[in-house]
Amino acid sequence: NGFIDLDPMGGNPPYQYYWSNGETTQDINTLTQGNYVIWLVDSYGCMLNEIIFIEEIPMVADSQIIEIPLGWSFFSTYINPFSSNIEDVVASIVANVELVKDVDGMVFWPAWGVNAIGNIELGEGFQIKLSGSVASSLTVFGIAADPELVQINLNSGWNLIGYLRNSPLDIDVAFSSIVSPPYITGNL
């Protein structure tokens, strides 16, 4: 699961830990697949080193289903997608996608093979135009965002921001760091 938990036995504690990735703690986490070397030194200076191989780490996916109506609409996601390229994000409904635009006017235009948006970032909002005869359900797979840890930078003028929660939040609370009530009231 991307975590190495060491339980040294023998030697004379306390131990010092030196990992090949620069860590100096006993246990390390948020690891990817690969080799990790540990040099363990006890209080007498005796050293032991070992190679630990992390096999493929299973990804636990979160998902969000976004209902996209026909015509123009807006969408955002609280999922940090496994592949953040806009082309991959909307791949399941691309047959009905006429155009996707970001706040800067960059477009993903599948009929013409144009992808000026590239990778999306958490906190961005998008305009999308669907054609066809029925609305589409867009499912985004990845890791759900922790909204308190995502910083959204606002530009002067218009902004198109995403909603990073999977439940409602009062708008005055959501914007409290930039605007003081009573200027904004209601639900977001």
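The values are calculated or read from the model by the stated rules, or taken from the named source; none is laboratory data. What you are looking at is a predicted structure, and each value in this text was computed from that prediction instead of being measured. Note: ideal-geometry Cβ built from the backbone for every residue, glycine included; neighbour counts use all protein chains shown. Heads up: the accessible areas ignore ligands, DNA and RNA and are worked out on the full protein's heavy atoms, side chains in. Shrake-Rupley method; radii C 1.70, N 1.55, O 1.52, S 1.80 Å.
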Completion exercise
Exactly one of V150, V97 is at pLDDT 90 or above and among the β-branched types (V, I, T), and that one is V97
Handout entry: Residue in the stretch 43-50 that is in a loop (DSSP other than H, G, I, E, B) and among the aromatic types (F, W, Y) present
Key = yes
Exercise for the section: Give me the pairs, please: first residue somewhere in the stretch 156-169 and of a type in the set (D, E, K, R), second residue anywhere and assigned to a loop (DSSP other than H, G, I, E, B), beta-carbon distance under 7 Å, and either six or more positions apart or on two chains. Expected result: R165/Y78
Completion exercise
With the first residue restricted to the stretch 29-44 and required to be among the aromatic types (F, W, Y), and the second required to be assigned to a loop (DSSP other than H, G, I, E, B), Cβ contacts under 8 Å at 6 or more apart or on different chains are Y36/S20; Y36/N21; Y44/G11; Y44/N12
Handout entry: Residue count, the stretch 1-16 (criterion: modelled with pLDDT of 90 or more and open to solvent by less than 60 Å² (accessible area, probe 1.4 Å))
Key = 1
Completion exercise
When every residue in the stretch 29-50 that is at pLDDT 85 or above and among the hydrophobic types (A, V, I, L, M, F, W, C) is compared, the one farthest from Q16 (Cα to Cα) is V37
Practice task
Kindly indicate whether any position in the stretch 81-90 is closer than 30 Å to I117 by Cα, modelled with pLDDT under 95 and in a strand (DSSP E or B).
Solution key: yes
Handout entry: Checklist (1) farther than 15 Å from I117 by Cα; (2) open to solvent by less than 80 Å² (accessible area, probe 1.4 Å) applied to E55, failing item
Key = (2)
Exercise for the section: Give me a count of the residues in the stretch 12-38 that are out of contact with any Ser or Thr (no Cβ under 9 Å at 6 or more places or on another chain) and assigned to a loop (DSSP other than H, G, I, E, B). Expected result: 13
Completion exercise
Being at pLDDT 90 or above and either in contact with a Pro (Cβ under 8 Å, 6 or more places away or on another chain) or surrounded by 12 or more Cβ atoms within 10 Å (Cβ to Cβ) (or both) narrows L164, L169 down to just L164
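Condition check ((1) more than 24 Å from the chain's Cα centre (by Cα); (2) within 17 Å of I65 (Cβ to Cβ); (3) open to solvent by 60 Å² or more (accessible area, probe 1.4 Å); (4) without any contact (Cβ under 8 Å) to a residue 60 or more places away in the chain) across all residues:
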{"site": "V97", "(1), (2), (3), (4)": "no, yes, no, yes"}
{"site": "G113", "(1), (2), (3), (4)": "yes, no, yes, yes"}
{"site": "L122", "(1), (2), (3), (4)": "no, no, no, yes"}
{"site": "P147", "(1), (2), (3), (4)": "no, no, no, no"}
{"site": "Q151", "(1), (2), (3), (4)": "no, no, yes, yes"}
Handout entry: Residues (exposed (fewer than 14 other Cβ atoms within 10 Å of the Cβ) and within 20 Å of S63 (Cα to Cα)) located in the stretch 129-138
Key = S137
